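*Asks:* Just dropping this structure here.
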Amino acid sequence: MKGLAMLKIGEIGWIEKENPKCGPMDAICKPIALAPCTSDVHTVWEGAIGERENMILGHEAVGEIVEVGNLVKDFKVGDKVIVPAITPDWNSIEAQNGFPMHSGGMLAGWKFSNFKDGVFSEYFHVNDADGNLALLPEGVDPAAACMLSDMMPTGFHGAELADIQYGDSVLVIGIGPVGLMAVAGANLKGASHLYAVGSRPNCIEIAKEYGATDIINYKEGSIVEQIMSKTKGKGVDKVIIAGGTVDTFAEAVTVLKPGGIIGNINYLGEGEFVKIPRLEWGVGMGHKTIVGGLMLGGRLRMEKLVSLLETSKIDTSKLVTHTFQGFDKLEEALLLMKDKPRDLIKPVVLI
């Protein structure tokens, strides 16, 4: 089979590999819709998780099943399915302990384009099919559903990590596709004043549609100064970090009220240390909690999220700004994600 791979740090290319083998509990799929991710950019061009050689990229897909193992109960050949970016081993100790995304080790539930070949290929393997696939409902657009692989569950997990309660004031730092989903998730969970940090006009417009009440443009001055001005010096109850760098935590800690929570869902591709300002963190005793987490993945999460699309509670098609037709357009779409023109939110390749 053909696939778009990370050849080594800083280099991608098309390669040929043997078709994946299907285990008794697994499935083999062919792609229907694929989406490149900023995580692919971090992995390839920043070497964020270390060297990977000839590893097929991609972890966001809607596919069609072409083979199932003999122990798979709920799926069959021909089913169209949503494939989560995180595919845990559901019989693991870590899953039983409530952290399936770390089944087998830290971040090991993230298998595609990390520990095994990803979905940017003519065929791809899904472990534990009954636990990790979800049927694509009739009438749900595959491009919109592709946002359920990673963007929507990751953004929503930011709202979960921050433990947003009704009436909380919330700051979302970064309104790329994940940040926009964090805004939507925070809004659904009951945020009142919802501040979104970004500068690109199309992202600002959609952030408002998803529930942002105020836009903080970092190009117009300090995030801290703008937030403290808008909150009359009080700061915010919760912060979701969906973009930025290791230095972003200093701003988040500074504007967070005592007793508040920071939920980080940003893939930190560079930097050795996260910097926490001592005084603003209450010299270590300010009850300012920082939680960083990989999203859950798995079948149940996909089924619940797609039900939000079916009931029109949210429209993920707003994220899709660039659509490509054909498997051979994958490289172009990935490079677009790397270059990030101002009108880009998310590209999708339809096969």
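*Asks:* Using modelled amide H (1.01 Å from N, peptide plane; none on Pro or chain starts), what sits under 5 Å from the amide H of Lys346, excluding residues fewer than 5 places away?
*Replies:* Thr321, His322
*Asks:* A further question follows. Give me the orientation-averaged projected area of the Cα convex hull of the chain, in nm², one decimal. Show your work: numbers first, answer last.
*Replies:* Numbers: hull surface 67.0 nm².
The Cα convex hull of the chain, projected and averaged over all directions, gives 16.8 nm².
*Asks:* Still on this structure, please answer the following. Please work out how much length the chain gains when fully extended from Ser192 to His287, using 0.36 nm per residue of separation minus the C-alpha to C-alpha distance, in nm with one decimal. Walk me through the numbers before you get to the answer.
*Replies:* Details: separation 95, 0.36 × 95 = 34.20 nm, distance 2.20 nm.
Once the chain is fully extended between Ser192 and His287, it gains 32.0 nm.
*Asks:* Given the chain, what percent of its DSSP beta bridges are antiparallel, to the nearest 5?
*Replies:* 50
*Asks:* Apply 1/(1 + (r/R0)^6) to the Cβ-Cβ distance of Asp343 and Ser229, taking R0 = 35 Å, and write down the FRET efficiency to the nearest 0.05.
*Replies:* Computed FRET efficiency for Asp343 and Ser229: 0.70.
*Asks:* Next question. Among Glu138, Glu220, Glu332, what is the fewest-to-most ranking by other Cβ atoms within 10 Å?
*Replies:* Final ranking by Cβ density, sparse to dense: Glu138, Glu220, Glu332.
*Asks:* So, one more: Using only C-alpha atoms and all pairs of different ones, pull out the Kirkwood radius for region 173-232 in Å with one decimal. Present the calculation step by step, with values, prior to reporting the outcome.
*Replies:* Numbers: mean 1/r = 0.0879 Å⁻¹.
Evaluated over region 173-232, this radius sits at 11.4 Å.
*Asks:* Beyond 19 Å, how much of the Cα-Cα pair distribution for region 23-166 remains, as a whole percent? Spell out each step's value before the answer.
*Replies:* On the way: 5503 of 10296 pairs.
Result for the distance tail: 53 percent.
*Asks:* Out of all Cα-Cα pairs in region 222-337, roughly what percent, to the nearest whole number, are more than 26 Å apart? Intermediate values should be presented prior to the final figure.
*Replies:* Working: 2911 of 6670 pairs.
The calculated P(r) of region 222-337 puts 44 percent of pairs beyond 26 Å.
*Asks:* Report the far tail of the P(r) of region 153-292, meaning the percent of Cα-Cα pairs longer than 24 Å.
*Replies:* More than 24 Å apart: 19 percent of the Cα pairs in region 153-292.
*Asks:* What are the ³J(HN,Hα) couplings of region 78-91, residue after residue, when phi is run through the Karplus curve with 6.51, -1.76, 1.60 and θ = phi - 60°? Round to Hz, x for glycine and proline.
*Replies:* 3J(HN,Hα) across region 78-91, in whole Hz: x, 5, 8, 9, 8, 10, x, 5, 10, 10, x, 8, 6, 9.
*Asks:* Also, quick follow-up: Once you place label points 7 Å from the Cα toward the Cβ at Leu71 and Glu51, how far apart are they in nm?
*Replies:* That separation, rounded to one decimal, is 3.6 nm.
*Asks:* Could you compute the longest span of the chain free of trypsin sites (Lys or Arg not before Pro) located in DSSP loops and having at most 13 other Cβ atoms within 10 Å, not counting the site residues?
*Replies:* For trypsin sites (Lys or Arg not before Pro) (loop position, at most 13 other Cβ atoms within 10 Å), the longest site-free span of the chain is 77-231.
*Asks:* Another question, if that's okay. Any idea how far the Cα center of region 5-39 sits from the one of region 45-64, in Å?
*Replies:* For region 5-39 versus region 45-64, the Cα centre distance is 7 Å.
*Asks:* Oh, and also: Which whole-number percent is the relative contact order of the chain (Cα, under 8 Å, 6+ apart)?
*Replies:* Here the relative contact order equals 18 percent.
*Asks:* Among Val255, Gln96, Tyr218, which residue has its Cα furthest toward the positive end of the charge dipole of the chain, with +1 on Lys/Arg Cβ and -1 on Asp/Glu Cβ?
*Replies:* Val255
*Asks:* Moving on. Can you compute the charge dipole magnitude of the chain about its Cα centre, using +1 on each Lys and Arg Cβ and -1 on each Asp and Glu Cβ, nothing else charged? Give it in debye, rounded to the nearest 20.
*Replies:* Value, rounded to 20: 860 debye.
*Asks:* FRET efficiency for Glu272 and Thr311, Cβ-Cβ distance as r, R0 = 51 Å, nearest 0.05?
*Replies:* For Glu272 and Thr311, the calculated efficiency is 0.70.
*Asks:* While we're looking at this one, here's another question. Sorted from fewest to most neighbouring beta carbons within 10 Å, what does the list Tyr267, Tyr210, Tyr218 look like?
*Replies:* Tyr218, Tyr267, Tyr210
*Asks:* Applying a 10 Å radius around every beta-carbon, put 29-35, 97-103 in order of their mean neighbour count, most first. Intermediate results must be reported in sequence, preceding the final value.
*Replies:* Working: 29-35: 25.9, 97-103: 18.0.
Taking the mean over residues of other Cβ atoms within 10 Å, the ranking is 29-35, 97-103.
*Asks:* Take Lys116 and Asn19, extend 7 Å from each Cα along the Cα→Cβ direction, and tell me the distance between the two endpoints in nm.
*Replies:* 1.7
*Asks:* Charges only on Cβ, +1 for Lys and Arg, -1 for Asp and Glu: so what's the dipole of region 153-292 about the Cα centre, in debye to the nearest 20?
*Replies:* Value, rounded to 20: 280 debye.
*Asks:* While we're on this one: Hey, could you get me the Stokes-Einstein D for region 1-67, Kirkwood radius over alpha-carbon pairs, 25 °C and 0.890 mPa s, rounded to whole µm² s⁻¹? Each step should come with its number before you reach the end.
*Replies:* Details: Rh = 13.0 Å.
The Stokes-Einstein estimate is 188 µm²/s.
*Asks:* Treating cross-link reach as a plain straight distance, find the lysines whose alpha-carbon is under 20 Å from the alpha-carbon of Lys21, omitting any fewer than eight places away in the same chain.
*Replies:* Lys2, Lys30, Lys73, Lys76, Lys80, Lys111, Lys116
*Asks:* So what's the angle, to the nearest 10 degrees on a 0 to 90 scale, between helix 330-339 and the longest Cα principal axis of the chain?
*Replies:* Result, in degrees: 10.
*Asks:* If you average the alpha carbon positions of region 278-292 and of region 92-147, how far apart do those two centres end up, in angstrom?
*Replies:* Answer, in whole Å: 34.
*Asks:* Right, here's the next one. State the extension gain, in nm to one decimal, for the chain segment bounded by Gln96 and Lys2, taking 0.36 nm per residue of separation less the distance between their alpha-carbons.
*Replies:* Stretched fully, the Gln96-Lys2 segment lengthens by 30.2 nm.
*Asks:* Also, I was wondering about something else. Calculate one ³J(HN,Hα) per residue across region 147-152 by plugging θ = phi - 60° into the Karplus curve 6.51 cos²θ - 1.76 cosθ + 1.60, and present them in order as whole Hz with x for glycine and proline.
*Replies:* 5, 7, 5, 9, 4, 5
*Asks:* Same structure again: List every residue whose amide H lies under 5 Å from the amide H of Arg52, counting only residues 5 or more places away in sequence or on a different chain, with H placed 1.01 Å from N in the peptide plane.
*Replies:* Here the answer is Ile9, since their amide H atoms fall under 5 Å of that of Arg52.
*Asks:* Here is a follow-up. Using θ = phi - 60° and the Karplus curve 6.51 cos²θ - 1.76 cosθ + 1.60, what whole-Hz ³J(HN,Hα) does each residue of region 160-175 get, with Gly and Pro shown as x?
*Replies:* 5, 4, 6, 6, 5, 10, 3, x, 5, 8, 9, 10, 10, 9, x, 10
*Asks:* Neighbour counts of other C-beta atoms within 10 Å: give me Thr38, Thr311 arranged from fewest to most.
*Replies:* Thr311, Thr38
Readers should treat all values here as calculations from the given coordinates under stated rules, not as data from a laboratory. Here the structure is a predicted model, which means the values were calculated and not measured. Ideal geometry is used to build each Cβ from the backbone, glycine not excepted, and the neighbour counts take in all protein chains shown.
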